[in-house]
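Novice: If you scroll down you'll find the structure; I have some questions about it.
Since every read-out is calculated from the coordinates, none of them should be taken as a lab result. The shown structure was predicted, so the numbers you read here are calculated from the model rather than taken from an experiment. Counting neighbours? That spans all protein chains shown, and the Cβs are built from the backbone with ideal geometry, glycine included.
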Ligand SMILES: [Zn+2]
Ligand SMILES: [Zn+2]
């Protein structure tokens, strides 16, 4: 009885602390209660939040690259695309880059929430594929300060609930280099060698898998992982990335 009482006390005091603790915007530092939900203040959210136009006819229906008025997608034309289709939540700008660094380097997990915004528009679409599992793309161990943590944590758990499919961390990063430190050409060669399927993991019954990444730049990693998953028994791979960088990218 006594322990129950203490448990209750502990729970309610946690709530109290949360309630009275001021919430600060991870971008500008301003105090704002909405930072508790999105990690940004209302102003920063309004200025920065730009949902990716996945369903615009001006974008390629497969890889969602801007078509610049042409009927053929330069991205899909210039390489073998192994994923079935790709979806993005947010456009990656300077603020998204900084916020993701905070999240990865300083383990500011609350920032993860921002990178799951706009999920509503793609859930229905994903359900149509009847996927079997969510496969997170791991970052290299050196960027973990304590234990494995995905920048896409919030996105993963929300999709896990909404699609009712498991999160299976079957990928392992084997390269010591960071993909972002590579030039365009090197990205392709590096991506090929960068990941493998964990030793004890098997893909059975030809599933459709949803690959969850945090950044899509040239898409070299996502595309190579899609190839790897297909080679190991997946029927098809749909890519979902929290952000896509569009400025100054050579396809
Ligand atoms: Zn702010
Ligand atoms: Zn395309």
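Novice: Sketch the reach of a paramagnetic label on residue 71 as a point 7 Å from Cα along Cα-to-Cβ, and name the residues of region 231-251 whose backbone nitrogen lies under 11 Å away.
Specialist: Label zone hits: none.
Novice: Here's another thing I want to ask about it. Once the Cβ-Cβ distance between residue 174 and residue 97 is put in as r, and R0 is 22 Å, what FRET efficiency do you end up with, to the nearest 0.05?
Specialist: Working: r = 25 Å, r/R0 = 1.15.
About 0.30, to the nearest 0.05.
Novice: Which order do peptides 216-226, 115-125, 64-74, 240-250 fall in by mean Cβ count within 10 Å, highest first? Write down the numbers at each step before the final one.
Specialist: Details: 216-226: 23.5, 115-125: 16.3, 64-74: 13.5, 240-250: 18.1.
Highest to lowest by the protection proxy: 216-226, 240-250, 115-125, 64-74.
Novice: Hey, for a label at residue 193 modelled as a point 7 Å past Cα toward Cβ, could you say which residues of region 212-251 have their backbone N under 18 Å away?
Specialist: Residues 220-222, 224-225, 228 fall inside that zone.
Novice: Gain in length, residue 109 to residue 201, computed as 0.36 nm per residue apart minus the alpha-carbon separation, to one decimal in nm?
Specialist: On the way: separation 92, 0.36 × 92 = 33.12 nm, distance 2.77 nm.
Roughly 30.4 nm would be gained on extension.
Novice: Where does region 41-84 land on Rg(C-alpha)/(2.2 N^0.38 Å)?
Specialist: Details: Rg = 14.2 Å, N = 44, 2.2 N^0.38 = 9.3 Å.
So the Cα radius of gyration is 1.54 times the expected 2.2 N^0.38 Å.
Novice: Another question about this same structure. Ratio to report: Rg/Rh of region 51-244, with Cα atoms as the point set and Rh obtained by the Kirkwood method; give two decimals. Intermediate results must be reported in sequence, preceding the final value.
Specialist: Numbers: Rg = 15.8 Å, Rh = 17.0 Å.
My calculation puts Rg/Rh at 0.93.
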